[in-house]
1. Arrange the residues Glu173, Glu11, Glu145 by how much accessible surface each exposes, largest first, with a 1.4 angstrom probe.
2. Can you tell which of Ala93, Asn67, His77 lies farthest toward the positive end of the dipole of segment 45-96, using +1 and -1 charges on the Cβ of basic and acidic side chains (Lys, Arg; Asp, Glu)?
3. Can you work out the FRET efficiency for the pair Val20 and Val165, with r the C-beta to C-beta distance and R0 = 30 Å, to the nearest 0.05?
4. Going 7 Å from the Cα of Thr133 in the Cα-to-Cβ direction, what parts of segment 144-171 have a backbone nitrogen less than 13 Å from that spot?
5. How much accessible area does Asp28 have with a 1.4 Å probe, in Å² rounded to the nearest 10?
6. So, for segment 1-115, what is the accessible surface per residue at a probe of 1.4 Å, expressed in square angstrom?
7. Of all alpha-carbon pairs in segment 85-166, indicate the percentage at a distance above 19 angstrom.
8. Charges only on Cβ, +1 for Lys and Arg, -1 for Asp and Glu: so what's the dipole of segment 27-175 about the Cα centre, in debye to the nearest 20?
Amino acid sequence: MPLHQLHLVTEPRRDASELVRLVGLALDGGVNWVQLRNKSASAASMYAEGAQLLAETRRHNAYLAINDRLDVAQALHADGVHLAGQSLPVDAAVSLAAGRVIVGRSVHGLTEAIRAAKEGADYLTFGHVFPTTSHPGLPPHGLTELAEIVHAIDLPVLAIGGITVDNLDSVLETG
């Protein structure tokens, strides 16, 4: 299973059919991984939305990860689970996943990245790289820190936060 080339992280939507429609457009546009993220959703609603997104990703030969819910990812037979800092520890998730789903982890610095790699993460997401409306008032981590992590860790590293067509080349230059 190829790891991420272009990863879409969803935002909660009231209408699941609209979410599926928008994800389908993103998949048509080249996204190859979708992460279902809805921090306030119940397991049941994550499962229902995830089932619809799994069908859509399969139709596009793409992959689905579930944010923060290993139980839902496993129940769906999704491709991965993505963990945040307050999620299960990476090593516990890796043990529970038993190779059935890949385990990703969000990190915000080199120390976290090294720890997640040692605990068995399959990939890391680092950010926010540039200013973003998702984290108003928080300074971005920047390209230098991204490059440090990319070069120190032998895992795929996804960059997130404020990335646009105008700064994409500088992100890609970090490796």
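The values are calculated or read from the model by the stated rules, or taken from the named source; none is laboratory data. These figures come from a predicted structure and were not determined experimentally. Here the Cβ is made from the backbone with ideal geometry for all residues, glycine too, and neighbour counts use every protein chain on show. Side chains are part of the model used for accessible areas, which takes the heavy atoms of the whole protein and leaves out ligands, DNA and RNA. Shrake-Rupley method; radii C 1.70, N 1.55, O 1.52, S 1.80 Å.
1. Glu173, Glu11, Glu145
2. Toward the positive end, the furthest listed residue is His77.
3. Numbers: r = 26 Å, r/R0 = 0.86.
Using R0 = 30 Å, I get an efficiency of 0.70.
4. 162
5. Probe radius 1.4 Å; accessible area of Asp28 about 110 Å².
6. 49 Å²
7. Working: 1295 of 3321 pairs.
The answer is 39 percent, as a whole percent.
8. Around 440 debye, computed over segment 27-175.
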